[in-house]
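The values are calculated or read from the model by the stated rules, or taken from the named source; none is laboratory data. Here the structure is a predicted model, which means the values were calculated and not measured. Using ideal geometry, Cβ is built from the backbone for each residue, glycine included, and neighbour counts are taken over all protein chains shown. Quick note on the areas: whole protein, heavy atoms, side chains included, nothing else; ligands and nucleic acids left out. Shrake-Rupley method; radii C 1.70, N 1.55, O 1.52, S 1.80 Å.
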Amino acid sequence: MKIGNKIHRFSSCPSTNNLARKYASQGEPEGTVVIADQQTKGKGTQGREWISPPGKGVYISFILYPPASGLSLLPLVGGLTVREAVFESVGVSVQLKWPNDIMWKRKKLGGILCESSFWGGKLLYVILGIGLNTGHQVQDFPEEVRSAASSLDLITSKEVQVERESIVENLFQSLECWYEVFLKGENSKIVDAFQHHSAIYPGKKVTVAAENEVVSGIYSGINPEGGIILDVGGKQKTFYSGQVHFLGK
Ligand code: BTN
């Protein structure tokens, strides 16, 4: 399966994920890409907005028709794809924070938004959306996220020319490889690679803000289905969605 055989490019659009959903529902082939220079209603996880100023980031969505099993591994596949593409293009080794954050020294550089569509219990498609901050300067971020966000230009101090097109090309190649691993059901390869590049290490105290609860515990790892395992007072608790916050240093 080829990623990027068909590409829909926009100078501006509300959300590449929403456009990709539309194309998927019209039967566009797997691997079709929607990319924009700017999003006016970019979507983040948990209903948040993804600020997407013109020319400052990579805003891209991929149409996938995966089997329904192992869906919670797809955000991890997205993270590994971005990590590899950034390394190939810029030589910077970013870290991954479960389940969908691209990090540099505890600052967020990018994120993955996987949206699945079901009909009568059958999985129709998944849109894998990637947002990566490339050219943002500090003032490009809203004040409330400034201390927690970064961009490739900021972390490389312009020593390396960050070429969005090269990152996009590498995203196609990396996603093709990692999606193949996913399709072969090689879950442990995905989980091992993710853990290897994880911003959180076993033994670290963290909080997981899940849909209905906020739980603090000791990070113990990722299970073969892509869930995060916390040790909470000696008992193991697994989450398949949510947001991780670091506790302490
Ligand atoms: C996150 O909150 O960490 C996920 C952010 C995902 C943003 C990307 S940008 C391209 C695609 N289109 C969207 O509307 N959102 C995703």
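Which whole-number percent is the relative contact order of segment 32-133 (Cα, under 8 Å, 6+ apart)? All intermediate terms of the calculation are to be shown ahead of the outcome.
Working: 181 pairs, mean separation 29.1, N = 102.
Normalised by residue count, the contact order of segment 32-133 is 29 percent.
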Where the centre of each part is set by its Cα atoms, how far does segment 61-89 sit from segment 101-116, in angstrom?
-> 12 Å
Rh by Kirkwood over Cα pairs, then Stokes-Einstein D for the chain at 1.002 mPa s and 20 °C, µm²/s | 117 µm²/s
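At a 10 angstrom cut-off on C-beta neighbours, averaged per residue, how do the peptides 124-136, 105-117, 208-220 rank from highest to lowest? Present the calculation step by step, with values, prior to reporting the outcome.
Details: 124-136: 22.8, 105-117: 18.9, 208-220: 14.4.
Sorting 124-136, 105-117, 208-220 by mean packing, highest first, produces 124-136, 105-117, 208-220.
Would you tally the net charge around Asn133, using a Cβ to Cβ cut-off of less than 10 Å, leaving Asn133 out, and scoring K and R as +1, D and E as -1?
Working: positive: Lys56, Lys107, Lys108; negative: Asp140, Asp153.
It works out to a net charge of +1.
For the chain, with every protein chain kept in place, what is the accessible area per residue (1.4 Å probe, Å²)?
Values: 11680 Å² over 249 residues.
The answer is 47 Å² per residue.
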Can you name the helices of the chain, as whole DSSP H runs, whose Cα span along the helix axis is 20 Å or more and whose Kyte-Doolittle mean is not below -1.0?
-> 74-90, 164-183
Over segment 176-249, consider all pairs of different Cα atoms and compute the Kirkwood hydrodynamic radius from their mean reciprocal separation; express it in Å, one decimal.
-> 13.0 Å
Under the helix-only model (-39500 (n - 2.57) for each DSSP H run of 4 or more, divided by the residues of the chain), the mean residue ellipticity at 222 nm, to 500 deg cm²/dmol, is -8000 deg cm²/dmol
Counting pairs of alpha carbon atoms under 8 Å apart in space and at least six apart in sequence, what relative contact order in percent does segment 205-246 give?
-> 41 percent
Among Gly227, Ala20, Leu76, the residue whose Cα sits farthest towards the positive end of the charge dipole of the chain, when +1 is placed on the Cβ of each Lys and Arg and -1 on the Cβ of each Asp and Glu, is Gly227
So Thr207 and Val145, fully extended at 0.36 nm per residue minus their Cα-Cα distance, gain in nm 20.4 nm
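Could you work out the relative contact order of the chain, using alpha carbon pairs under 8 angstrom and six or more residues apart, expressed as a whole percent? Kindly include the intermediate steps, with their values, before the conclusion.
Working: 518 pairs, mean separation 42.2, N = 249.
This gives 17 percent for the chain.
Name the shape class, rounded, prolate or oblate, that the alpha-carbon gyration tensor gives for segment 117-167, where a ≥ b ≥ c are the square roots of its eigenvalues, rounded holds for a/c under 1.5, and otherwise prolate holds if a/b is larger than b/c and oblate otherwise. Mind dumping the intermediate values first?
Working: a/c = 5.15, a/b = 2.02, b/c = 2.56.
Judged from the Cα gyration tensor, segment 117-167 comes out oblate (a/c at least 1.5, b/c at or above a/b).
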